[in-house]
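**Q** Take this structure, written in C-alpha cells, and hold onto it; I'll ask about it next.
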Amino acid sequence: MSAPSQLSKDPHNNYFDFGAARQVPETHTWEGLYEHPLVDGGVGAVEDAVPVVDLRDPHAAEAVARASEQWGTFLLEGHGIPSELLARVEARIVSVFALPASEKMRAARQDGQSHGYGLPPIASYFPKTTWSEGYTMSPANLRAELRKIWPDAGEDYRHFCDVMEEFHRQMLAVVDKLTVLFLAALGVAGVEAGRKIVETMSETVTMHINWYPKCPDPKRTLGLATHTDSGFFTFLMQSHVSGLQLFRREPDRWVGVPPGALIVNIGDLFQILTNGRFRSTYHRAVVNRDSTRVSVAYHLGPPADAKVAPLREAVGGGKPAYRTVTWREYFLVRKEAFTTGGSALQMVSLSPGDHDDDGDGADQISEISS
Ligand SMILES: C=C1C[C@]23C[C@@]1(O)CC[C@H]2[C@@]12CCC[C@@](C)(C(=O)O1)[C@H]2[C@@H]3C(=O)O
Ligand SMILES: O=C(O)CCC(=O)C(=O)O
Ligand SMILES: [Fe+2]
C-alpha cells in the first residue's frame, strides 16, 4: 500500500488513475464515514439550513456575526462575482486535471512544500488516500508556477492564468466587503485597520483547487478528509454538484451544503483572533458516482510569521483564551495534533478544558481516529 504522500514522492510509480478504476481499492477505503447521520443543509431545510449572508443586506454585519458564532460557515450571496466567470474557472480547473499524469507531475508538491500539484498537506496525516487530486498555488506566483505544467506557455496556459487572475481580482473586492463586516461584527473600529488587514491578507492569498472524479463506490471513500481550515477565513467556490459536508454537534451529524453556492468558512486563526467567539468548522468532501466535482478554496490569513493573538475588542474584560501563535507555528501544532489524536486549538488554548471548543472535537469524528 502506498502512503498518501507518495503521490508526490514518486510521480511515476504511484499515480492513481481514477478514470480507469472499476472499484475502490483498499488504499482508498475509509472506515466509519457514516457513523453520524447526514442531514440536509439546503436553504429550505427546517432544522439545519446553513446560514445565508447577503452582502447587499443593510443588516449583513449582524448576519455575519450570528453565522460565524453559531456555525463558522455561511453561504454568501450578493457577492457580485458573475456566474459566467465561475463557470469559466470551473472549466479551466477541469482542463488542468484532465492533463496526462506525466504533465501534472511536473508540478508535484515536494515534501514540506505548501504549493504544487498532488494531495493537500493534511493528506499525509491519514493512513488512507482520498479520491481526489489537488493543486495549491498563490496568485502572486501563478504564471511562474503554471509554467511547470505548460512549459511552452501556450493557449491553455494563458487561458488558465487569465481566468484565475480575473477570479482573484474579483475575489479581492469581496474580501474587502466581508472584512468590513467582520470588523463591524467584532466592534473593531476604523477604516484604516480594515485596509491594513485586507492589504496583508491579499498578499498571502493561497488558492487550492480540488478535483473529485466520479467514483464507482462513493460510500467507501472520501474526497477530502475532515479538517478545519487553519487560516483566518476561506471562500469556497464549488461546482453544481454536492459534496461538502459540515460537522455539527448536539446531536452529532453531518450537514450537506447545497451545491453551487459560494461558501465562507471561518478558520482556526480567526477563532484565536476572536477569542473563540467565531468558530472554525470541521468539514469534509464526499464524492459521487455519476458526477465529477471541482472546487476552489481561496484561503486568507496573516503572513506566516505574523503573531496572532486574541483581539482586545474580543477579550473585553475577560481573559485571552489562546496564546499568541504564528501561522507557521500553528501548522506544526496541527501536525502534532494529527499525530497524537489531540486538538490543535486545545493545544494553543490558555485554559485547556475550560471553554467548550465545539468545532474542535477531532478525536470524536470517526474517520479521523480510525
Ligand atoms: C494556505 C493554506 C491552507 C491549507 C494549507 C495551505 O498552506 C495551502 C493548502 C490549504 C489546504 C487545502 C485543503 C485542506 C487543508 C487543510 C490542506 O491540507 O491544504 C488546507 C490548509 C489549511 O487550511 O490549513
Ligand atoms: O471541495 C470542498 O468542498 C472542500 C474543500 C476544502 O475544504 C478545502 O480545500 O479546504
Ligand atoms: Fe477546507
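**Q** May I ask you to order 57-68, 180-191 by the average number of other C-beta atoms within 10 Å around their residues, highest value first?
**A** Values: 57-68: 17.7, 180-191: 16.2.
The densest-packed peptide leads the list: 57-68, 180-191.
**Q** Each residue of the stretch 319-329 in turn: what ³J(HN,Hα) in whole Hz from Karplus with 6.51, -1.76, 1.60 and θ = phi - 60°, glycine and Pro shown as x?
**A** Working through the residues one at a time gives 10, x, 8, 10, 7, 6, 9, 9, 4, 4, 4 Hz.
**Q** Roughly how many percent of the accessible protein surface of the stretch 275-333 is carbon and sulfur, given a 1.4 Å probe and a whole-percent answer?
**A** Values: 1340 of 2610 Å².
Its accessible area is 51 percent carbon and sulfur atoms.
**Q** Using each residue's phi in the stretch 127-140, evaluate 6.51 cos²θ - 1.76 cosθ + 1.60 at θ = phi - 60° and report the 3J(HN,Hα) Karplus result to the nearest Hz, with x for Gly and Pro.
**A** x, 10, 9, 8, 8, 6, 10, x, 7, 9, 8, 10, x, 4
**Q** Same structure, new question: Among rounded, prolate and oblate, which fits the stretch 140-242 when a ≥ b ≥ c are the square roots of the eigenvalues of its C-alpha gyration tensor, a/c under 1.5 means rounded, and a/b larger than b/c means prolate? Intermediate values should be presented prior to the final figure.
**A** Numbers: a/c = 2.67, a/b = 1.33, b/c = 2.02.
Judged from the Cα gyration tensor, the stretch 140-242 comes out oblate (a/c at least 1.5, b/c at or above a/b).
**Q** Distance check, please: which entries in LYS128/LYS335; LYS104/LYS214; LYS128/LYS214; LYS104/LYS307; LYS307/LYS335 exceed 25 angstrom between their Cα atoms?
**A** Where the Cα-Cα span goes over 25 Å, the pairs concerned are LYS104/LYS307.
**Q** Something else about it: In whole Å, what three semi-axes, largest first, describe the equivalent ellipsoid of the chain built from its Cα gyration tensor (square root of 5 times each eigenvalue)?
**A** Working: eigenvalues 185, 117, 85 Å².
In descending order the semi-axes read 30, 24, 21 Å.
**Q** Which angle from 0 to 90°, rounded to the nearest 10, does the C-alpha axis of helix 191-203 make with the longest principal axis of the chain?
**A** The answer is roughly 20 degrees.
**Q** With the Cα gyration tensor of the stretch 69-163 giving a ≥ b ≥ c as the square roots of its eigenvalues, does the rule (a/c under 1.5 for rounded; else a/b larger than b/c for prolate; else oblate) give rounded, prolate or oblate?
**A** Numbers: a/c = 1.96, a/b = 1.09, b/c = 1.79.
Cα axes put the stretch 69-163 in the oblate bin.
**Q** Give the angle, between 0 and 90 degrees and rounded to the nearest 10, that separates the Cα long axis of helix 155-186 from the longest principal axis of the Cα atoms of the chain.
**A** Helix 155-186 sits roughly 20 degrees off the main axis of the chain.
**Q** Counting only heavy atoms of protein chains, what accessible area per residue, in Å², does the stretch 273-316 have with a probe of 1.4 Å?
**A** Details: 1630 Å² over 44 residues.
Per-residue accessible area for the stretch 273-316 comes out at 37 Å².
**Q** Compute the angle between helix 83-97 and the longest alpha-carbon principal axis of the chain, please, reported from 0 to 90 degrees and rounded to the nearest 10.
**A** That works out to roughly 50 degrees.
**Q** By the gyration tensor of its Cα atoms, with a ≥ b ≥ c the square roots of the eigenvalues, what is the shape of the stretch 54-120: rounded for a/c under 1.5, prolate for a/b over b/c, or oblate?
**A** Details: a/c = 4.70, a/b = 1.92, b/c = 2.45.
In terms of gyration-tensor shape, oblate.
**Q** Which listed residue (LEU273, PHE247, LEU236) has the Cα farthest towards the positive end of the charge dipole for the stretch 232-304, taking +1 on Lys and Arg C-beta and -1 on Asp and Glu C-beta about the Cα centre?
**A** Value: PHE247.
**Q** Where does the Debye-calculated log10 I(q)/I(0) of the stretch 232-349 sit at q = 0.09, 0.13, 0.22 Å⁻¹, using only Cα point scatterers of equal weight, no solvent?
**A** -0.30, -0.61, -1.26
**Q** With a 1.4 Å probe and all protein chains in place, put LYS148, LYS307, LYS196, LYS104 in order of accessible area, largest first. Could you put the intermediate results ahead of the total?
**A** Working: LYS148 90, LYS307 165, LYS196 140, LYS104 0 Å².
I get LYS307, LYS196, LYS148, LYS104, largest accessible area first.
**Q** Considering only protein heavy atoms and a probe of 1.4 Å, how much of the accessible area of the stretch 154-210 is carbon and sulfur, as a whole percent? It would help to have the intermediate numbers written out before the result.
**A** Numbers: 1440 of 2620 Å².
C and S atoms contribute 55 percent here.
**Q** In terms of solvent-accessible area of protein heavy atoms at a 1.4 angstrom probe, what is the ranking of TYR330, TYR15, TYR34, highest value first? Walk me through the numbers before you get to the answer.
**A** Details: TYR330 0, TYR15 60, TYR34 95 Å².
From most exposed to least exposed: TYR34, TYR15, TYR330.
The values are calculated or read from the model by the stated rules, or taken from the named source; none is laboratory data. Just so you know, these numbers come straight off a predicted model, no measurement behind them. Note that each Cβ is placed from the backbone with ideal geometry, even for glycine, and that neighbours are counted across all protein chains shown. To get the accessible areas, we keep the full protein, side chains included, count just its heavy atoms, and leave off ligands, DNA and RNA. Shrake-Rupley method; radii C 1.70, N 1.55, O 1.52, S 1.80 Å.
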